[in-house]
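Just below is one structure, and these are the notes that go with it.
The values are calculated or read from the model by the stated rules, or taken from the named source; none is laboratory data. Since the model is a prediction, treat every value here as computed from it, not as a measurement. Ideal geometry is used to build each Cβ from the backbone, glycine not excepted, and the neighbour counts take in all protein chains shown.
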Amino acid sequence: MSLRTVFAGLLCLGVIIALGWAVLERPMPEENLPERVAEAMPESGVEHPITAVLLNFRSYDTLLEIAVLLLAVVVALALREAQPDRPEQMGLDNPLLRAVMAWLLPLILVVAGFLLWAGSYQPGGAFQAGAVLAAAGVLLRLAGVTTAWLDNATLMRAGLALGLLTFLGIGLLVMLPGVPFLTYPAEHAGALILLIELTLTLSIGLTLISLFRLTPPYADDPDDARRQETPKP
């Protein structure tokens with residue numbers, strides 16, 4: 001057994017002990033958070049407590065989550081552009097899947113819109129709607145369907161950043177009367193949250209589609225990779 005293996009094992013054991021101690025010795029909450037959320041709901045602009053927490057009471061967390069997603073796509077783009085010789089392998093040119101998507105795409109869009117709108121009063125919202133939109137984009141890509149706005153680098157990158165920029169812009173805009181960052185006025189909270197969710201839905205969908213498209217196209221089998229790299233006569 002090498003010294004590196006022993007060190008790694010001891011480090012893992014230390015992390016496990018630290019996590020166990022943190023869980024066992026965690027302080028008890030001093031207040032009832034569900035009751036506090038319920039008391040603040042009339043000023044949240046929405047009717048569902050989860051949406052109120054994610055986009056109003058703890059909007060900093062959601063803002064940082066969107067920033068992390070965007071950063072993941074930026075890193076994936078950088079890694080892919082560092083290997084420009086690898087061809088695009090997406091698009092199976094599947095006529096059957098294209099025919100199925102012609103019927104399914106309107107339904108998928110309706111479901112995404114419903115999830116977005118329903119997030120104000122029941123489980124749903126931008127993340128769920130964005131995931132449904134991304135599923136539609138992945139299926140279209142697998143069917144071999146190309147669209148100008150997905151293949152246009154400028155439009156794609158603008159859409160990726162739209163949600164985060166809108167979130168930041170609204171957070172800065174509400175500061176004009178002298179209130180803290182991302183503190184929405186009660187009379188406009190619902191409209192501002194809806195605008196944020198609309199743009200987040202698009203950006204989240206494009207983010208997930210981009211991560212799918214930027215996946216390395218080659219299989220793990222070296223023989224398969226060599227066969228794909230061998231030029232045809």
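Residue pairs, Cβ under 7 Å, 6 or more apart or interchain, first in the range 202-213 and closer than 20 Å to Leu79 by Cα, second surrounded by fewer than 24 Cβ atoms within 10 Å (Cβ to Cβ) and among the basic types (Lys, Arg). List them.
So the pair list comes out as Arg213/Arg141.
Tell me, please, whether a residue that is on the phi > 0 side of the Ramachandran plot and of a type outside the set (Lys, Arg) can be found in the range 154-175. Step through it out loud before you land on a result.
Our first condition is that a residue be on the phi > 0 side of the Ramachandran plot; within the range 154-175, this holds for none.
Scanning the range 154-175, I find no residue that is on the phi > 0 side of the Ramachandran plot and of a type outside the set (Lys, Arg), so the answer is no.
List the pairs whose first member sits in the range 97-113 and is more than 15 Å from Leu202 (Cβ to Cβ), whose second member is part of a helix (DSSP H, G or I) and not aromatic (Phe, Trp, Tyr), and whose Cβ atoms are under 7 Å apart, counting only residues at least 6 apart or on separate chains?
Leu97/Leu139; Leu97/Leu142; Met101/Leu139; Met101/Leu140; Leu105/Ala136; Val111/Val132
Can you find, within the range 41-61, the residue that is nearest to Val179 (Cα to Cα) among those that are surrounded by 15 or more Cβ atoms within 10 Å (Cβ to Cβ) and free of Cβ contacts under 8 Å to residues at least 60 places away in the same chain?
Here the answer is Phe57.
Only one of these conditions is not met by Arg36: (1) in contact (Cβ under 8 Å) with a residue 12 or more places away in the chain; (2) loosely packed, with under 14 Cβ neighbours inside 10 Å; (3) within 24 Å of Leu192 (Cα to Cα). Which number is it?
If we test Arg36 against (1) in contact (Cβ under 8 Å) with a residue 12 or more places away in the chain; (2) loosely packed, with under 14 Cβ neighbours inside 10 Å; (3) within 24 Å of Leu192 (Cα to Cα), just (1) comes out false.
Confirm whether Ala40 is under 30 Å from Ala191 (Cβ atoms) and out of contact with any Gly (no Cβ under 6 Å at 6 or more places or on another chain).
Taking the combined requirement at face value, the residue satisfies it.
Table: residues versus (1) touching a Ser or Thr at 6+ places or on another chain (Cβ under 9 Å); (2) surrounded by fewer than 12 Cβ atoms within 10 Å (Cβ to Cβ); (3) in a helix (DSSP H, G or I); (4) modelled with pLDDT under 85.
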residue: Leu176; (1), (2), (3), (4): no, yes, no, no
residue: Glu187; (1), (2), (3), (4): no, yes, no, no
residue: Glu197; (1), (2), (3), (4): yes, no, yes, no
residue: Asp223; (1), (2), (3), (4): no, yes, yes, yes
residue: Gln228; (1), (2), (3), (4): no, no, yes, yes
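For Val110, state whether it is modelled with pLDDT of 85 or more and either β-branched (Val, Ile, Thr) or in contact with a Cys (Cβ under 7 Å, 6 or more places away or on another chain) (or both).
Working: modelled with pLDDT of 85 or more: yes; either β-branched (Val, Ile, Thr) or in contact with a Cys (Cβ under 7 Å, 6 or more places away or on another chain) (or both): yes.
It is true that Val110 is modelled with pLDDT of 85 or more and either β-branched (Val, Ile, Thr) or in contact with a Cys (Cβ under 7 Å, 6 or more places away or on another chain) (or both).
Condition first: buried (at least 16 other Cβ atoms within 10 Å of the Cβ) and farther than 17 Å from Leu206 by Cβ. Now tell me which residues in the range 143-161 satisfy that.
Ala143
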